[in-house]
Every structure is written in structure tokens, then in C-alpha cells.
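Working notes for the structure below.
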Amino acid sequence: MTQQAPHPATAPQPGVRIDVWLWVARFYKTRSLAKHAIETGKVEIGGQRAKASRAVHVGDAMTVVRGEERFELVVRGLSDTRGPAPVAQALYEESIESKERRAAERATRAAERAGYKAPETKPDKRARRLIRALGDIDAL
């Protein structure tokens, strides 16, 4: 007796858990960080919040928020083993608009920091009291 292959329309599509895929694609250092990001709504697939156990398939559109950066990407490959960075970058394709927006936001943050100059020495006793007094004003 021979087994027949399932009909292509009913055959399950191969997929990888989204938390594993985000870890493999090097968006997060650990799988638990990826899972936490998913649970807090920082990852969307097709405009909808995802669960950590959801399977990712080739061609899925995804939005990932990591810190102050927002990635809009399309899944181009699947893997469940973490490898070198060039292999991880081949698993997805980021949109040009997303790259340009992230570069502009990075330049804006760098420009905001440009005017700050750290003090050369630690504050003395009088300066610490003044700093502490200013801090109390914010508490009111």
C-alpha cells in the first residue's frame, strides 16, 4: 500500500515560530527577548499583533520595533538555527522607505546629542546641593 502525497492546497506550509525567527535573524540577542517583544506588541505581521507561537512563512510582511528603531521588512527565508550575520541578513528584506526613515531618525538623534558636553570633573558639595534642589522642583 503506497501513501499519497497530500494535495498541494491542503499541505501544511513550512514555517518557523516567530520568536525563533526573530532570534535567528538577529533582531534580538535571545529568544526570550524576542518573545517578550512579541508579547508587548512590538512585532506585527500583516498589520496584526502576533503571538510567539505563530508561524512565519516566506513572503510575510512584518513590522519590528526595537528600541527607537522601526523595521518594515518582508521574510525571504526561514531558518531555526542561528548563524553568522550575513546569513541572518539574507532571511529578510527591509523596505527602502524603512531604511531611509531609520537613517534620518538616527541623524536626528545624533544632532540632538551634539550640543551636550559632559562636565570635566565631578560636582563639588555646593553643586551637588544645587542639583538635588533642582531635582526636588520636578517632584512638585
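The values are calculated or read from the model by the stated rules, or taken from the named source; none is laboratory data. Quick caveat, the model's predicted, so the values are computed rather than measured. Cβ coordinates were reconstructed from backbone atoms using ideal geometry, including for glycine residues, and neighbour counts include every protein chain displayed.
Which residue pairs have Cβ atoms closer than 9 Å, lie 6 or more positions apart in sequence or on different chains, and pair a first residue in the range 55-83 that is farther than 11 Å from Trp21 by Cα with a second residue that is of a type in the set (Lys, Arg) and assigned to a strand (DSSP E or B)?
Thr63/Arg70; Val64/Arg70
Check off (1) out of contact with any strand residue (DSSP E or B) (no Cβ under 8 Å at 6 or more places or on another chain); (2) small (Gly, Ala, Ser); (3) over 14 Å from Ala25 (Cβ atoms); (4) surrounded by 15 or more Cβ atoms within 10 Å (Cβ to Cβ) for Ala88 and give me the number that stays unchecked.
That leaves (3) as the condition not met.
Of the numbered conditions (1) more than 27 Å from Ala110 (Cβ to Cβ); (2) surrounded by 13 or more Cβ atoms within 10 Å (Cβ to Cβ); (3) in contact with an Asp or Glu (Cβ under 8 Å, 6 or more places away or on another chain), Phe71 satisfies every one except a single condition; which is it?
Result: Phe71 fails condition (1) only.
Would you list the strands (runs of 3 or more DSSP E) that sit entirely within the range 25-140 and hold 3 or more residues that are more than 19 Å from Gly15 (Cβ to Cβ)?
Because the criterion is at least 3 residues that are more than 19 Å from Gly15 (Cβ to Cβ), the strands (runs of 3 or more DSSP E) in the range 25-140 that meet it are 69-75.
This table checks each residue for (1) modelled with pLDDT under 90; (2) in contact with a helix residue (DSSP H, G or I) (Cβ under 9 Å, 6 or more places away or on another chain).
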| position | (1), (2) |
| --- | --- |
| Arg70 | no, yes |
| Gly83 | no, yes |
| Ala88 | no, yes |
| Ile96 | no, no |
| Arg101 | no, no |
| Ala127 | yes, no |
| Leu130 | yes, no |
| Asp138 | yes, no |
